[in-house]
Amino acid sequence: MTDNGRELDLVIYGATGFVGRLLADYLARHSPDGIRIGLAGRSQAKLKATRSVLGVRAADWPIVIADADDAVALAELASRTKVVATTVGPYAKYGAELVAACVAAGTDYVDLTGEVLFVRESIDAHHEKARANGVKIVHSCGYDSIPSDLGVHVLHQKVQADGAGELTDTTLVASLSGGVSGGTIDSLRTQIDVSRKDAALRRLAASPYSLSPDRTKEPDLGRQSDVVVMDGAGIAPEARGWKAPFVMASYNTRVVRRSNALRGWAYGRKFKYREVMSVGDSRLSRLFAGGVAAVLGGLVLGLSVPPTRYVLDRILPSPGEGPSEKTQSNGYFAMDIYTTTTTGARYASRVQAQGDPGYRATAVLLGESALSLVLDRDRLPDEAGVLTPATAFGGVLVDRLRKAGVEISARKL
């Protein structure tokens, strides 16, 4: 960031949306005194209504009006603050102008996207200019993809500290409970619509290295499928039961591979990464895993075909909708990542937190990411450009999240 003399430290863009309100509430309760926060969006009335329920600490937070396709208003917004945190998706529809405004203004940026094609476009359009301007553009700072990216980060750190070689076959097993995100569904719709019209974009989205800096330099590790049903015994003895495809694997895996490439393949040139989901370890786990695979495949197919798309659009949650307070409180996630190193040693890491993954927990993850940029900028890795959470924040965010109640650990097995 090139200019510290800004009116504001942080602007929450999309503060009237479901996740935006959760983020604003988290920061109103947990940001240190003296942090200058603004609320931004399209409607002054809705922004004032959001501010009115945030408590006395937010009573004087400024209101900033900016539409997602108003380049002039977004440029003004970006010039007023050090950091922008945006929850406005699908980002392919509503994110490009804001990223461009932040890069031009020298303003750091964090978001919640899980859209491969949007991030690829952001990399191609802005990485070099953001590096030259000293700006950190950090996509995917929520449940997608901080647990995956930081989980592999701390796993690598532990292996490196022990002198145990490099990472090879590495698998994340997700366990979670929570509501279905309307924003995630809408992002899936958008990417399906874009990919249907362009075969090259379909191939790009399907590539395991679609977010890597230079895909031609990536190692040839054979087929890396994101839709896999597998026996946990093939992952680690501790991973009992059959595992189902994980809905966000096709995005998170690309983020982790980009982190490896941005670090000069520090995890290892033989680093092979996948993500699956636990469905329990009963004798029926294989059946359950197959059922999950069928449902996910049916969802993608259904959203791709107009007649079923019409029905699904009326059943699935819409953007801006979210789960009940009870569901948010009772939700949780636990991400266990297993690896074998080039020396034959086995290691595991865990990232775990209470709260609905896509909502309450995501507000913590995004909030602490934004605060890292505001409060810890001089301690962050000396990197700029379009970055991943691991390459932008490293251990600084790990420490912040631990203090916020997120378990992040790594151990030798």
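Observations
- Size of the range 364-413 as Cα extents on the principal axes (Å, biggest first): 35, 21, 17
- A Förster radius of 41 Å combined with the Cβ-Cβ distance from Gln354 to Thr216 puts the calculated FRET efficiency at roughly 0.45.
- Across the range 108-147, the fraction of Cα-Cα pairs farther apart than 11 Å, rounded to a whole number, is 63%.
- The simple spin-label model puts a point 7 Å past each Cα toward its Cβ; for Asp399 and Ala71 those points are separated by 4.1 nm.
- Using the average count of surrounding beta-carbon atoms within 10 Å as a protection proxy, the listed peptides 81-93, 155-167, 217-229 rank, highest first, as 81-93, 155-167, 217-229.
- Applying 1/(1 + (r/R0)^6) with R0 = 22 Å to the Cβ-Cβ distance of Glu383 and Lys129 gives a FRET efficiency near 0.90.
- Carbon + sulfur, % of accessible area of the range 290-404 - ligands and nucleic acids excluded, 1.4 Å: 56
- The GNM of the chain, with springs linking C-alpha atoms under 10 angstrom apart, assigns the highest mean-square fluctuation among Asn260, Asn330, Asn133 to Asn330.
- In angstrom, the C-alpha Rg and Dmax of the range 207-304 are 15.1, 44.
- Probe 1.4 Å - accessible area at Tyr359, Å² to nearest ten: 0
- Computed over the chain, relative contact order equals 22 percent, with contacts defined as Cα pairs under 8 Å that lie 6+ residues apart.
- Solvent-accessible surface of protein heavy atoms, probed at 1.4 angstrom with all chains present, puts Lys197, Lys48 in the order Lys197, Lys48, largest first.
- GNM top mover of Val364, Val256, Val72 - the chain, alpha-carbon springs below 10 Å: Val72
- Choice from Arg57, Arg257, Arg131 with maximal GNM fluctuation in the chain (Cα, 10 Å cutoff): Arg57
- Charged side chains reduced to their Cβ positions (Lys and Arg at +1, Asp and Glu at -1) give the range 33-89 a dipole of some 220 debye around its Cα centre.
- Over the chain: helical MRE at 222 nm, DSSP H runs n ≥ 4 each giving -39500 (n - 2.57), nearest 500: -13500 deg cm²/dmol
- Heavy-atom surface of the range 306-413, accessible at 1.4 Å and reported per residue (Å²): 42
- Quarter of the Cα convex hull surface for the range 32-141, i.e. its orientation-mean projected area (nm²): 7.1
- Span per principal axis, largest first, for the Cα atoms of the range 135-230 (Å): 48, 41, 37
- Whole-number D in µm²/s for the range 93-186 (Stokes-Einstein; Kirkwood sum over Cα pairs; 25 °C, 0.890 mPa s): 157
The values are calculated or read from the model by the stated rules, or taken from the named source; none is laboratory data. Note that the structure is a prediction, hence the values are computed from the model and not measured. A quick note on method: Cβ atoms are made from the backbone with ideal geometry, for glycine too, and the neighbour counts reach across all protein chains shown. These area figures cover heavy atoms from the full protein model, side chains too; ligands, DNA and RNA do not enter into them. Shrake-Rupley method; radii C 1.70, N 1.55, O 1.52, S 1.80 Å.
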